[in-house]
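The values are calculated or read from the model by the stated rules, or taken from the named source; none is laboratory data. Predicted, not measured: the structure shown is a model, and the values here were computed from it. Quick reminder, even Gly has a Cβ in these numbers, built from the backbone with ideal geometry, and neighbours come from all protein chains shown. For the accessible areas, the whole protein counts, side chains as well, though only heavy atoms, and no ligand, DNA or RNA atoms are used. Shrake-Rupley method; radii C 1.70, N 1.55, O 1.52, S 1.80 Å.
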Amino acid sequence: MPELIDNLYSLGEPIQDTKAPGGPIDQKWTTAKFENKLVNPANRRKLSIIIVGTGLAGASAAATLGEAGYHVKSFCYQDSPRRAHSIAAQGGINAAKNYNDDGDSTYRLFYDTVKGGDYRSREDNVYRLAEVSTNIIDQCVAQGVPFARDYGGLLDNRSFGGVQVARTFYAAGQTGQQLLIGAYQAMERQVAAGTVTQFTRHEMLEVIIVGGVARGIVARDMVTGEIETHTADAVVLASGGYGNVFYLSTNAMGCNVTASWRAHRKGALFGNPCYTQIHPTCIPVAGDYQSKLTLMSESLRNDGRIWVPKKREDCEKDPRDIPEEDRDYYLERIYPAFGNLVPRDIASRQAKNMCDEGRGVGPQVGDFRRGVYLDFADALSRMSRHEIDAKYGNLFDMYERITGEDPRVVPMRIYPAVHYTMGGLWVDYDLQTTIPGLYAVGESNFSDHGANRLGASSLMQCLADGYFVLPNTIRNYLAGGPFEPVADDAPEVQEAVASVTSRIDALLTVNGERTVDSFHKELGHIMWEYCGMERTDAGLRKAIDLIRSLREEFWRNVRVLGSAETLNQSLEKAGRVADFLELGELMCIDALHRTESCGGHFRAESQTEDGEALRDDEKFAYVAAWEFTGGDRGPLEPPVLHKEDLVYKFIELKQRSYK
Amino acid sequence: MKLTLKIWRQAGPDAAGQLVTYPVEGISEDMSFLEMLDVLNEELIGKGEEPVAFDSDCREGICGMCSLMINGQAHGPEVTTTCQLHMRSFSDGDVITIEPWRAEAFPLVRDLIVDRSAFDRVIQAGGYISVNTGAAVEANNIQVQKHKADRAFDAATCIGCGACVAACPNASGMLFLGAKITHLGELPQGQAERDSRVVKMLNQHDAEDFGGCQNLGECAAACPKGIPLDVINQLNRDFMKAKR
């Protein structure tokens, strides 16, 4: 029995090898592509791949592997692959094209991404990401993605947070939609060609492992309730992030951790689960009924001024009646150099601090008012209404539609919201998890963003993984196939099916008093309070206790009506929330063990004199990869921590400063 | 506010369906329409009744998953998606009738959920540009006149929700189809397959039992993304040219 640390986890063997080739960093990907084994076109027809998820990573991987000639089975829980939540990404996609000759390069994109990630990502992977970024733009343009263009007919760029070059390609405020439709169309072309079979309204509930390698999944047909087994030579998870563990986030209602968590429970290590990104400019919560949070583009901070009343008693007043001297433009006060344009994590944390002091504005939800003003009065006196609308009109309209208030008249109210999860399944250089034959791409893996993701980088990573990286690494594994077919009555398959059906039965037979949503909301509240923007030792310990007792109550007191044999949305939600209740505990343990602050992970005990995140590179320059050790529908066994040391050979570690 | 909801309940495609009346209270005008339905569902579960099944995902108006005929209008009284419709568009005491999309090509699944996979099959018939990964040329070798790029983009903003079909008395899918024909047809990359695309997609559209177009314009009026009616003209022009 390994020694328990803090009575919560134990330390396992470190991860020694990420499978990246040696040599200079700019040669590694070329080397890997050459050294990875090939599968000849005739043999590809004999090989099958399951892909779970149809967002940018999943759809692009399905299209590309289908084009190559493999048999692909693609799964999504939505009614069409085109609905995946990549579609909601607004801003843009980065690529080191250097079309503006402003000094951009692969190396600079690599450098910016590592720095933006607060030096907690793996150099080799990030360099490759920067390297293939330019191919993504070429591919998308060829597919007909209507990127913004200038009057000369060439592609337009804009700059984005945290960098000094203009390398972001965009399609109005709907870049994610346009890229996803491009990948979706490429995938549908393969459906027509017969290489890809799509299974919509299907949810993966278990991974099938035979002889230690991934050989398939168990999925539920969400319309008929049928439990299906699908076997293949390899399985790819492209199932997105887990921000919905917080209940309220900018994720879609259906986004969930189940595919990743089921894989984790079967042996895939989970990397850096506590790294979450909180976006500073979202529309605040209006009431207890709130189901999701909506992002307002960060660009608003270019012209809006953020403030709260100096006096608590002013918080209920009409903001237009609060005189200038009674307003606290707190970001301009604390950070005179960057003002309202400080990075996302700092802007978020300070908004929370103001509200914790009782100076928040807007409706009171629970004990506090959770909102700060983003005021365009100055901008409106400087610019014409027409000029302002040209820049922000669509955002103002969206805000007005949701809140009923016109930000041209009354200051906008904003508050931070969970937006993205940098953590995810641990993968090696080939994007393979610790289960052979099981790969993870896009937001579902942990690999490229370290402790903080830069804007316009998530689309880049998803398409890099799906179009260019995975197809060139998975062949090295598939070259060892085709593997022995797995029979439907093989004991491993039967066992996976039995575990799914017994779990569904368990959810349907508790017949308790509380709805699934009420558990999800309570979990979200715990996570947001104690594992959100600011984390403390005491708070995290408290959260672990609260989550454990909530999970215990869930399996004793949840009410899921209806049957397993029909479309049953309560049952779908219940399975997802059950997994979030396990993930939440691991996130808190990870956040507790990492006593440094870095990127989106802010430990109150580790800050500079100025209140900035203070890293501890001596102790924590590693990826925390967690191993599941047991427990189901109740207490979990203490997880085992495996460390992958991060070695910086090319980039020097520095402390961030924005004063 | 207090409301009376009349909601279509149907256990499955082969079951009989009916409108069921549900009174709801304590609805805030800041709730979205779907949050109002969430509140109803929580109450129903509390009473031991199965909740109303309806589709939604992003709840920010872009994924196209939500639907609903609200008082006979696709996505309700405002020009937006149902998830972006808020209760301030209604008044205390209102009676609201909520039904699924009604169209031959969109068979009912359960309650307010329909099967829109016909749209996927229309895209499969030719709604793409055939270029394998890795075969692309350098992006700026392809120049696109700005007005064409802008028109392509405007057409490409279609979210595939199906409101156009639900609003059309003929349940035609021409606005959806025209949007894709216009998006790809405006771009130089889309020219090689332009003629075959329109023929194949239109054939599939008809095979899916979508109705014909009589230029009534209900589709464009209901479209939450403002796809203009002229994409159907474009579709017709391209089709005539292709058949010549």
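Quick test for you: out of A:108, A:158, A:149, pick the one residue that is in contact with a Lys or Arg (Cβ under 8 Å, 6 or more places away or on another chain), open to solvent by 10 Å² or more (accessible area, probe 1.4 Å) and either within 14 Å of chain B (Cβ to nearest Cβ) or more than 25 Å from residue B:133 (Cβ to Cβ) (or both). Please lay out each step first, then the result.
Details: A:108 fails: in contact with a Lys or Arg (Cβ under 8 Å, 6 or more places away or on another chain); A:158 fails: in contact with a Lys or Arg (Cβ under 8 Å, 6 or more places away or on another chain).
So the residue among A:108, A:158, A:149 that is in contact with a Lys or Arg (Cβ under 8 Å, 6 or more places away or on another chain), open to solvent by 10 Å² or more (accessible area, probe 1.4 Å) and either within 14 Å of chain B (Cβ to nearest Cβ) or more than 25 Å from residue B:133 (Cβ to Cβ) (or both) is A:149.
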Within region A:595-614, track down each residue that is in a loop (DSSP other than H, G, I, E, B) and surrounded by fewer than 24 Cβ atoms within 10 Å (Cβ to Cβ). A:595, A:596, A:604, A:605, A:606, A:608, A:609, A:610, A:611, A:612, A:614
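Specify which of the listed residues (B:105, B:171, B:166) is under 13 Å from the mean Cα position of the chain (by Cα), farther than 27 Å from residue A:66 by Cα and surrounded by fewer than 21 Cβ atoms within 10 Å (Cβ to Cβ). Write out each step before concluding.
On the way: B:105 fails: surrounded by fewer than 21 Cβ atoms within 10 Å (Cβ to Cβ); B:166 fails: surrounded by fewer than 21 Cβ atoms within 10 Å (Cβ to Cβ).
After ruling out the rest, the residue left standing is B:171.
Based on what the data block shows, is residue A:288 under 29 Å from residue B:26 (Cα atoms), modelled with pLDDT of 95 or more, open to solvent by 40 Å² or more (accessible area, probe 1.4 Å) and among the charged types (D, E, K, R)?
Details: under 29 Å from residue B:26 (Cα atoms): yes; modelled with pLDDT of 95 or more: no; open to solvent by 40 Å² or more (accessible area, probe 1.4 Å): yes; among the charged types (D, E, K, R): yes.
For residue A:288, the condition - under 29 Å from residue B:26 (Cα atoms), modelled with pLDDT of 95 or more, open to solvent by 40 Å² or more (accessible area, probe 1.4 Å) and among the charged types (D, E, K, R) - is not met.
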Of everything in region B:1-28, what is surrounded by fewer than 15 Cβ atoms within 10 Å (Cβ to Cβ) and under 30 Å from residue A:404 (Cα atoms)? Give them in sequence order. B:2, B:4, B:21, B:23, B:25, B:26
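Which of the following residues is buried (at least 18 other Cβ atoms within 10 Å of the Cβ), within 14 Å of another protein chain (Cβ to nearest Cβ) and within 28 Å of the chain's Cα centre (by Cα): A:114, A:72?
Result of the check over A:114, A:72: A:72.
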Only one of A:565, A:596, A:552 is touching a residue at least 24 places away in the same chain (Cβ under 8 Å) and within 26 Å of residue B:57 (Cβ to Cβ). Can you tell me which? A:565
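Considering only region A:388-426, state which residues are within 30 Å of residue A:627 (Cβ to Cβ) and within 13 Å of another protein chain (Cβ to nearest Cβ).
Hit for region A:388-426 is A:419, nothing else.
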Can you tell me which residues in region A:447-465 are out of contact with any Cys (no Cβ under 6 Å at 6 or more places or on another chain), under 16 Å from residue A:624 (Cα atoms) and open to solvent by less than 10 Å² (accessible area, probe 1.4 Å)? A:447, A:448, A:449, A:450
Within region A:257-291, which residues are closer than 17 Å to residue A:528 by Cα, out of contact with any Phe, Trp or Tyr (no Cβ under 6 Å at 6 or more places or on another chain) and in a loop (DSSP other than H, G, I, E, B)? A:273, A:274, A:275, A:283, A:285, A:286, A:287, A:288, A:289, A:290, A:291
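Go through region B:40-60 and report how many residues are more than 8 Å from chain A (Cβ to nearest Cβ), touching a helix residue (DSSP H, G or I) at 6+ places or on another chain (Cβ under 9 Å) and either open to solvent by 50 Å² or more (accessible area, probe 1.4 Å) or not in a helix (DSSP H, G or I) (or both).
The qualifying residues number 2.
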Filter pass, residue A:7 being out of contact with any Asp or Glu (no Cβ under 9 Å at 6 or more places or on another chain) and either outside the structural domain of residue A:111 (by the TED database) or modelled with pLDDT under 95 (or both): yes
Can you tell me which residues in region A:40-69 are out of contact with any Phe, Trp or Tyr (no Cβ under 6 Å at 6 or more places or on another chain), within 14 Å of chain B (Cβ to nearest Cβ), open to solvent by 10 Å² or more (accessible area, probe 1.4 Å) and not in a loop (DSSP other than H, G, I, E, B)? A:41, A:67, A:68
What number of residues within region A:539-556 are surrounded by fewer than 21 Cβ atoms within 10 Å (Cβ to Cβ) and closer than 19 Å to residue A:502 by Cβ? 3
Scan region B:171-199 and report the pairs whose first residue is modelled with pLDDT of 95 or more and whose second residue is aromatic (Phe, Trp, Tyr) and buried (at least 24 other Cβ atoms within 10 Å of the Cβ), with Cβ atoms within less than 6 Å and a gap of 6+ or a chain change. B:172/B:210; B:173/B:210
So residue A:198 passes all but one of these: (1) part of a strand (DSSP E or B); (2) more than 9 Å from chain B (Cβ to nearest Cβ); (3) surrounded by 21 or more Cβ atoms within 10 Å (Cβ to Cβ). Which condition number does it fail? (2)
Pairs returned, first residue in region A:616-631 that is over 20 Å from residue A:551 (Cβ atoms), second residue that is loosely packed, with under 15 Cβ neighbours inside 10 Å and polar (S, T, N, Q), beta-carbon separation under 8 angstrom, 6 or more apart or interchain, are A:616/A:595; A:619/A:595; A:620/A:595
Does at least one position in region A:430-450 carry a residue that is at pLDDT below 95 and either over 30 Å from residue A:120 (Cα atoms) or within 17 Å of the chain's Cα centre (by Cα) (or both)? yes
Region A:75-90, subset in a helix (DSSP H, G or I) and open to solvent by 10 Å² or more (accessible area, probe 1.4 Å), residue modelled with the lowest pLDDT: A:88
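Kindly indicate which of A:365, A:372 is among the hydrophobic types (A, V, I, L, M, F, W, C), over 30 Å from residue A:448 (Cβ atoms) and open to solvent by less than 10 Å² (accessible area, probe 1.4 Å).
Details: A:365 fails: open to solvent by less than 10 Å² (accessible area, probe 1.4 Å).
Step by step, each of A:365, A:372 is checked, and only A:372 is among the hydrophobic types (A, V, I, L, M, F, W, C), over 30 Å from residue A:448 (Cβ atoms) and open to solvent by less than 10 Å² (accessible area, probe 1.4 Å).
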Residue A:549: of a type in the set (Gly, Ala, Ser), outside the structural domain of residue A:228 (by the TED database) and not in a loop (DSSP other than H, G, I, E, B), yes or no? yes
For region A:205-237, enumerate the residues that are of a type in the set (A, V, I, L, M), open to solvent by 10 Å² or more (accessible area, probe 1.4 Å) and away from chain B (no Cβ under 14 Å). A:205, A:209, A:210, A:213, A:227
Are any of the residues in region B:65-80 facing chain A (nearest Cβ under 9 Å), within 23 Å of residue A:251 (Cβ to Cβ) and crowded, with 21+ Cβ neighbours inside 10 Å? yes
Consider residue A:31 against the criteria (1) under 16 Å from residue A:194 (Cα atoms); (2) more than 10 Å from chain B (Cβ to nearest Cβ): it satisfies all of them except one. Which criterion is unmet? (1)
Inside region A:481-514, can you point out the residues that are free of Cβ contacts under 8 Å to residues at least 60 places away in the same chain, of a type outside the set (A, V, I, L, M, F, W, C) and either under 18 Å from residue A:220 (Cα atoms) or open to solvent by 40 Å² or more (accessible area, probe 1.4 Å) (or both)? A:484, A:489, A:491, A:494, A:495, A:502, A:505, A:509, A:511, A:513, A:514
Yes or no: region A:391-410 includes at least one residue that is open to solvent by 30 Å² or more (accessible area, probe 1.4 Å), on the phi > 0 side of the Ramachandran plot and not assigned by the TED database to the domain that holds residue A:134. yes
